[in-house]
Structure formats: structure tokens, C-alpha cells
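Below is one structure, written out as C-alpha cells; the observations come after it.
The values are calculated or read from the model by the stated rules, or taken from the named source; none is laboratory data. Please read all numbers here as calculations on a predicted model, not as lab measurements. Cβ placement follows ideal geometry from the backbone for every residue including glycine, while neighbour counts extend to all protein chains displayed.
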Amino acid sequence: MENREYGFLHKNKEDKKLQIIGTQSIHFTQAPYILASASVVGKKEGEGPLGNEFDMICDTDKFGEDTWEEAESSLQKESTALALGKSGLAPEDIRYIFAGDLLGQTIATSFGLMDYQIPLFGLYGACSTAGESMALGAMCVAGGYADHILTVTSSHFASAEKQFRYPLEYANQRPVSATWTVTGSGAYILGTKKSDIKITGLTPGRIVDYGVRDSMNMGAAMAPAACDTIYHHFCDFGTKPEDYDKIITGDLGYVGQEILIKLLLDKGYDISGVHTDCGVEIFDRQTQGTDSGGSGCGCAAVTLSAHFLKKIAQGEWKKILFVPTGALLSTVSFNEGQNVPGIAHAVVIEHEE
């Protein structure tokens, strides 16, 4: 006899591959796996602390193209090709792509991945897109809708500055609170085949508006959303900070990291001992002049792939909470005086014993 417990159609309880828990989370009882990942970055990122860990570092940020936008599309093409090569899969083995970027109409994604001719779900979650794409891809695999899913995200310093702030030729002064948009793309292949890395849970985030209107202070805009998602994750899963080897946010930088820790302390959770941020890890602000750290869709995507997943695969870490964060603004909303709301999506990643 069929039942619809948890809102899903199942023949019996033993068939359930995922379970809704708490107010906004999902626990995978049969976890999808990360089969392969790849990271491609620009010259500045390659000169940073993680330079020897990226799969590909390009000598010039134009990547042989005529425009910054075309260069960002090339980032996605290369990261996808590398991830496929690592997995041993061909494009025709991939059922769907979940991908996005920061540009209007997600043009880096559409032009970058068009030649692969794989059905595409184009996403926009600002800098949280790495988490959003991974969450949706994991749900798709766990739900039995695909054996192999590709998730891709990218950003480019020059294309993002051109769209959201000022063209590079303007040479404007950057405030200390500003983060540096990462030039990079990360690609992940998720599937049912067992590997060393699995996704065991998700906490999709809600839009949180803290009243910030400064587009040069993304950390302050996004930190409340990260706090909200992490807090509800703890509540939904019944966990606490010490249950994770690391809690890794995506793009808060130094300013946002400080705000996040204080906001969660107010809610009774001290994450200071296990927290780090991809924007903090990817650059050396003392020698590279990146002010508050890194940001952009590519920041969390390449840092997770190049640096953190290796620790999971090797068993050095058993469990992490990956929480990319995004600032939901456009040039139109900013010029019309709107606030900069934030969003964050949490993904539980564990070592397969």
C-alpha cells in the first residue's frame, strides 16, 4: 500500500531516500556522492595561499578571449572538462546541469556550457550559487531523477566589477570592507556511485534583509543570512558546532566573519573554534591587497574543490558544514536605493567510511 508521508510518494518506509526534518532541512538516508570536482582560477588566485592546490591557473585573466564575459564562460568550459575527465564520464553520461554565475541573464553559464548540449537549469543565488546548485543536484540524484548531475558556478573579477561597481578603467578607491571578487570556476559531478565524499543533508536558506545598503560591504549584508541558515540547521538536525570539523561559509570575508560569530553567539552558539570562510582562505590580504578577503560565485566553489574536499576524501575531516552566502542585489535595485538582502544555503558533507 502506498503512502505519502513527508510529502513524497513511497511504496513503503524502507524506500525513502530522503527525509524532511525540522522547519527547512533535508536528511538523505541514502546519500548522493561527490564523484569528482575541478577548480580553475585566474592569476591572482594562483598567487594566493592555495595556489598549488587548484587544478588550473591561467596566466592572464582574459583566457585568450576578447571580453571579460567571454573569459568567464571559458572558465566554466574548462572546469567542466576537467571534472568530466576526473570522473571518467562523457557529457552524454550527465543527465542535467545546475549552474549559474553573477552576470545578467547568467550569460557566463549559457554561453559557457551551451556546447555540451546537456539539459540545463540556470540558477541565480548570487555568491550562494555553489551551495544552491549542489543542493538541487543532490536532491535530484537522491530522488532518483538522475544517476549523474553536473553543478557549475563561476565569477570573474573584471566582469563583476564592470556590472556591479565600476569599470576597471575608473580606478576607484576601494574601502577596507570591500571583498575581492574571485576569478574562478568550480565544477562538481554528483552521482549514486560510492566515493569517499557524500552529501548527507541540506538546509536551504531564507532571504534575510539586515538593512545594509552599502554594496561595498557584502560581508555585512550576507552574515545575517548565514547566521539564520546555520541556526536553523542546528535546530533542525539537533547538532552543535563541535559536531563538525569545520563550518565553512562562502564569501563573508573578515568583516562578515566577525559579524556572523557575534550573531550566533547571541543565539547561544559559539562557532569561533570551528569556523572559517572561503573568502578568508583564498587570498593573503597583507600581500595581495584584497582588503576584507574574497567573494563571488567562484570563491566558495573553487576553495571547496581545491582545498576542503581533499581533507574529507583523505579522512582527515569526517564532517563539514558548507554554507555559501549570497548578496541579492542588482545594479537596478542598488540605484533605486534598495537594501542588499542576503541568502545562504548549507550542505552537510561527510567522509564515507
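General remarks:
- The single residue among 291, 251, 270 that is outside any strand (DSSP E or B) and buried (at least 20 other Cβ atoms within 10 Å of the Cβ) turns out to be 251.
- Checked against the criterion of being at pLDDT 95 or above, surrounded by 24 or more Cβ atoms within 10 Å (Cβ to Cβ) and out of contact with any Pro (no Cβ under 7 Å at 6 or more places or on another chain), the candidates 151, 179 yield just one match: 151.
- Filter result (in contact (Cβ under 8 Å) with a residue 24 or more places away in the chain, touching a helix residue (DSSP H, G or I) at 6+ places or on another chain (Cβ under 6 Å), polar (S, T, N, Q) and more than 21 Å from residue 78 (Cα to Cα)) within region 262-319: 292
- Exclusive hit being assigned to a loop (DSSP other than H, G, I, E, B), within 19 Å of residue 348 (Cβ to Cβ) and at pLDDT 95 or above, set 201, 186, 205: 205
- Tallying residues that are touching a Lys or Arg at 6+ places or on another chain (Cβ under 8 Å) and modelled with pLDDT of 95 or more within region 317-353 yields 8.
- Subset of region 91-121 that is of a type in the set (Asp, Glu) and more than 20 Å from residue 299 (Cβ to Cβ) - its residue that is surrounded by the most Cβ atoms within 10 Å (Cβ to Cβ): 93
- For region 82-111, the set of residues classified as farther than 23 Å from residue 331 by Cα, of a type outside the set (Asp, Glu) and part of a helix (DSSP H, G or I) consists of 82, 83, 84, 85, 86, 87, 91, listed by residue number.
- Of the residues making up region 288-316, those that are more than 17 Å from the chain's Cα centre (by Cα) and at pLDDT 90 or above are 311, 313, 314, 315, 316.
- Taking the criterion of being of a type outside the set (Phe, Trp, Tyr), touching a residue at least 24 places away in the same chain (Cβ under 8 Å) and touching a Gly at 6+ places or on another chain (Cβ under 7 Å), the residues of region 87-130 that qualify are 99, 100, 102, 109, 123, 125, 126, 127, 128, 129, 130.
Matching residues to (1) of a type in the set (Lys, Arg); (2) over 25 Å from residue 159 (Cβ atoms); (3) within 19 Å of the chain's Cα centre (by Cα):
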{"residue": "29", "(1), (2), (3)": "no, yes, no"}
{"residue": "44", "(1), (2), (3)": "yes, no, no"}
{"residue": "71", "(1), (2), (3)": "no, no, no"}
{"residue": "75", "(1), (2), (3)": "no, no, yes"}
{"residue": "95", "(1), (2), (3)": "yes, yes, no"}
{"residue": "98", "(1), (2), (3)": "no, no, yes"}
